[in-house]
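Please read the structure below before turning to the comments.
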Amino acid sequence: MRFYLTTAIDYVNSRPHLGTAYEKITADVIARYKRLCGIDTHFLMGNDEHSQNVYKRALERGLDPRAYCDRMEQEFRAVWAQLDISFDDFIRTTEPRHRAAVEKLAQRCFDTGDIYEGHYEGWYCVSCEAFKQEKDLVDGKCPLHPTVTPEWIREKNYFFRLSKYRDALLQHFRANPGFLQPDMRRNEMLRLLESGLEDISVSRAGQLWGIPLPFAPDNVVYVWFDALINYAAAVGYATDEGRFAAWWPADLHIVGKDITRFHTVVWPAMLMSAGLAPPAQVFGHGWVNFGGQRMSKSAGTSLDPSEVARRFGPDPLRLYLVKEITYGGDGDFTWERYEERYNADLANNLGNLVSRVAAMADKYRQLRLVPAGDGGRLAQVAGAALARYRASMDGYALHDGAAAAFQLVDASNEFIAETAPWTLAKSPSDAARLDAVLFEVAEALRVAAVLLRPIMPSSSADILRRIGETREASTLRLDLDGRWRPDGVRTIVKGGPLWPRVEETKEIRVDEKPVQPASPVSPAPPAAPAPPPAADARISIDEFMKVELRVAKVLAAEAVPKSKKLLKLTVETGKDQRTIVAGIAEAYQPEQLVGRTVVIVANLQPAKLMGVESNGMVLAGSPDGGLPMLVGFDQEIPPGSRVR
């Protein structure tokens, strides 16, 4: 049995943000689950490089577009490695195999009569790299990129007869109710189809960055028509027909809800035109918001997943995104909520269970646990959790799958409290009962670790090793290892805490005064201070401590209109995002600042500069008559850190 899974390929005009990572993490969970079920799985990811935004970014950095894309490939791969993403193939749209597939499929559609020459006139969103109808705009702006004004474009293009496939697509949707999930996405696309389709442009004239149309080489293939073909190119279309026959059609495309139209209307129509089968299923996931705002590179509301992963490691982040967000709906990330769930789910619950099992096994049975009976109440809970887990994961309700595993963790902690092994250990007559209790808890923990393996691969492997599993975690299979196994002596391995609890820290808002901790010793009555010399302008340490210096990361930067010195920065402080106006435009271009770590005065009262409200100040130094230079650090330091 085979399973071919893909994600949307990513523009490389900037690094991935947490919303991008969410798609990859959830797809990876599905891929790992399929492998756990013993299914031969092929998991594809990649980069979309023929975007005009990518071309512009390369020129801005003074790089050849291909050299720029090579560099960005390494950056993307580094992020995916940090998040433990287990893709089997990584495709780039500049690869020869992709070009061959694009040329073949475009030619097939042309030969079928579905591509024709014409003129296009309308609105074009440069951030989406997509044409927009008037009815799709909100106050004249793209709803996905409200900070970018669409351009009115009129040009000679080649068009794809999308309108021709409206009835065939409706029939496909009705014959395959599960083709697009969740149901709310399916209903949206059905309404779109029922209202009728317009033909779409498949070329751009006068551009060099892209794949030339095989029948009109003065035109390059439009980026979306180009990009969609990667799914077929990666498994051999136009280059290895035997491999393509073995793996096509794709079993599942994982994409964001904003691009389901391309994947469930445009892409199936292209495949039908070329005589190919459409994918079996498309899942349109929701967005991850950051503090209530949609994550967007262009809007400056993004969060670097590497930064989040460095906080506690990749597995806590993976668990948070899977367990806390209903798959298919929108979710939200805040540092406060993330820390809260880390403590509750991992430090206090699962991590505590691992530590308790090891400590009791060591104290009462010298780390050697023997089976006693077929299992009691926890065996029944494990069976129910496995059934709920399989049904949830098979239906891509990933959040319910994670909850099923934690159902067993919760029951195990409750079981320890109820059976009180420390009391049983005091009576020799309860030795057999103690053996049964310790083995039962250890076995429940083993099953939970197997269920959590797709979500928390590294941590689950460590738990399995500590609980006495001697086989490689990658060789385990759900049918056998996800079931209760009341046999075999377990040798428990002790280790340090997997997830040390973190104490919550309260961030001082701009409108708050710093609160000084109370002294445990009553101070002596202060002596009357001598008046300082009139010329002494020095301040006390207490006065200085009123200035709150914090580390921040620049998410977006742009020039302030009509000002030669001011830049408008959007910075992330570890607790919030804010706008700061800085007088550094003479020394720095806006694009040089994105991703940079700076020091800010965080508790300044808001002030308006050139009509822009500034909530803080960026620290920089400048010699007499020289340009300002930003204060920085020798090593990476997370946003929100106090500068002292």
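Every number in this text was worked out from the coordinates using simple rules, so none of it is lab data. The shown structure was predicted, so the numbers you read here are calculated from the model rather than taken from an experiment. Counting neighbours? That spans all protein chains shown, and the Cβs are built from the backbone with ideal geometry, glycine included.
Miscellaneous remarks
- Multiplying the residue separation of K546 and A344 by 0.36 nm and removing their Cα-Cα distance gives an extension gain of 69.4 nm.
- Over 22 Å between alpha carbons, listed pairs K34/K323; K363/K494; K257/K568; K553/K575: K257/K568
- Distance between modelled label sites at D40 and Y116, nm, 7 Å Cα→Cβ extension: 4.4
- Long-range amide H partners of N603 with built H, under 5 Å: E548
- Segment 334-491: Cα Rg divided by the 2.2 N^0.38 Å rule of thumb: 1.02
- Approximate spin-label separation A384-R66, in nm, with each point projected 7 Å along Cα-to-Cβ: 6.1
- Among 161-172, 221-232, the order from most to least packed when residues are scored by Cβ within 10 Å on average: 221-232, 161-172
- Along the axis of the charge dipole computed for the chain (Cβ charges of +1 for Lys and Arg, -1 for Asp and Glu, origin at the Cα centre), the listed residues F244, G331, F312 are led at the positive end by F312.
- Ratio Rg/Rh [Cα only; Rh per Kirkwood] for segment 541-630: 0.96
- Here segment 275-434 is treated with +1 on each Lys and Arg Cβ and -1 on each Asp and Glu Cβ, and its dipole about the Cα centre works out to around 440 debye.
- The peptide list 258-266, 338-346, 314-322, put in order of mean Cβ contacts within 10 Å with the highest first, becomes 314-322, 258-266, 338-346.
- Under 5 Å from the amide H of G331 lie the amide H atoms of W287, V288, N289, each residue being 5 or more positions distant or on a separate chain, with H modelled from the backbone and absent for Pro and chain starts.
- Point-charge dipole on Cβ atoms (K/R +1, D/E -1) for segment 223-277, about Cα centre, debye to 20: 160
- Stokes-Einstein D (µm²/s) once Rh is taken as the Kirkwood radius of the chain over alpha-carbon pairs, at 25 °C in 0.890 mPa s: 87
- Table column - 3J(HN,Hα) (Hz), segment 80-93, Karplus curve with 6.51, -1.76, 1.60, x for Gly and Pro: 5, 5, 5, 8, 6, 8, 9, 5, 8, 8, 10, 9, 10, 6
- Residue-wise HN-Hα couplings along segment 317-323, as the Karplus relation 6.51 cos²θ - 1.76 cosθ + 1.60 with θ = phi - 60° gives them from phi, are 5, 4, 4, 4, 5, 7, 7 Hz; Gly and Pro carry x.
- Under 5 Å between amide hydrogens, built in the peptide plane, is the criterion, and for N157 it picks out G118, H119, Y120 among residues at least 5 positions away or on other chains.
- Measuring r between the beta carbons of L190 and A168 and using R0 = 22 Å, the FRET efficiency lands at 0.95.
- Note that segment 165-180 has calculated 3J(HN,Hα) couplings of 9, 4, 5, 5, 5, 4, 4, 5, 4, 6, 7, 10, x, x, 4, 10 Hz, one per residue in order, obtained from phi through the Karplus relation 6.51 cos²θ - 1.76 cosθ + 1.60 (θ = phi - 60°); glycine and proline are x.
- FRET efficiency estimate (nearest 0.05) - Cβ-Cβ, E591 to Q74, R0 25 angstrom: 0.85
- Estimated from the Cβ-Cβ distance and a Förster radius of 51 angstrom, the FRET efficiency linking V489 and K564 is about 0.10.
- Most simply put, the chain has about 70% antiparallel DSSP beta bridges, counting only bridges with both residues inside it.
- Distance in nm between pseudo-label sites at D240 and Q366 (7 Å out along the Cβ direction from Cα): 5.5
- Volume in Å³ per residue [convex hull over Cα atoms, computed for segment 280-331]: 112
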